[in-house]
Amino acid sequence: MEEKLKQKSSDVIKVVLFGPESTGKTTLSEQLARHYNTVWVPEYAREYLQKKWNDERKTCEPHDLLPIAEGQMQLENELTEKATHILICDTDLLETKVYSEAYYIGNCDPLLEKYALQNTYDLYLLTYVDIPWVGDDLRDKPNEREKMFAYFKETLEKYNRNFVILKGDKKTRLETAVSKIDKLTLKP
């Protein structure tokens, strides 16, 4: 099982969209992939949990988190090989860890936590809650967005991750993200 959570080594610059639900991560992932003519890694949890909801009318439970993490890493590892010089990730295992702790009273599977902290990324784009909430079958915390944003930010600070906060409309967020990513690509 551990191999399924391990990140393949690569020279590709990896950028993660990170933050509370309904803050524009998927939209920005798609925009950045187009801008850099590369691929983006979708959020596996959405596919997994939507199927669970459609089939059983059940939401995420603690036993779902490892299969979600495995599916996410499988997608990331496969798409890393197809990326140009940059890979855009709609999420990562650290985000899964945050949700595990927020929903399950501070608990996170030790294996998930190990790889959430071990896998590395070049930049996190932390999306702020200043865009309108869009509900769906899976989103359930419209009134806790600021609290969740603070938790995401604290997590990035706690683990000393390189990040920038994205605020404003879609155009402003895209411009800020491109500016920060371009700085990474210019490193010697």
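The values are calculated or read from the model by the stated rules, or taken from the named source; none is laboratory data. Remember, it's a predicted structure, so these values are computed and weren't measured experimentally. For neighbour counting, all protein chains shown are included, and Cβ atoms are generated from backbone atoms with ideal geometry for every residue, glycine included.
Scanning the range 16-46 for residues that are within 17 Å of the chain's Cα centre (by Cα), assigned to a helix (DSSP H, G or I) and either in contact (Cβ under 8 Å) with a residue 24 or more places away in the chain or farther than 30 Å from Val178 by Cα (or both) yields Lys25, Thr26, Thr27, Leu28, Ser29, Gln31, Leu32, Ala33, Tyr44, Ala45, Arg46. The residue list Asp140, Asp109 contains one member that is acidic (Asp, Glu), under 17 Å from Thr59 (Cα atoms), in contact (Cβ under 8 Å) with a residue 12 or more places away in the chain and out of contact with any strand residue (DSSP E or B) (no Cβ under 7 Å at 6 or more places or on another chain), which is Asp140.
For Glu30, the conditions (1) at pLDDT 90 or above; (2) exposed (fewer than 15 other Cβ atoms within 10 Å of the Cβ); (3) over 22 Å from Trp133 (Cβ atoms) are fulfilled apart from (3).
Just one of the listed residues (Glu78, Glu3, Glu61) is closer than 20 Å to Asp140 by Cα, free of Cβ contacts under 8 Å to residues at least 60 places away in the same chain and surrounded by fewer than 19 Cβ atoms within 10 Å (Cβ to Cβ), and it is Glu61.
Check whether at least one residue in the range 62-79 is at pLDDT below 95 and assigned to a loop (DSSP other than H, G, I, E, B), and report yes or no. No, the range 62-79 has no match at all.
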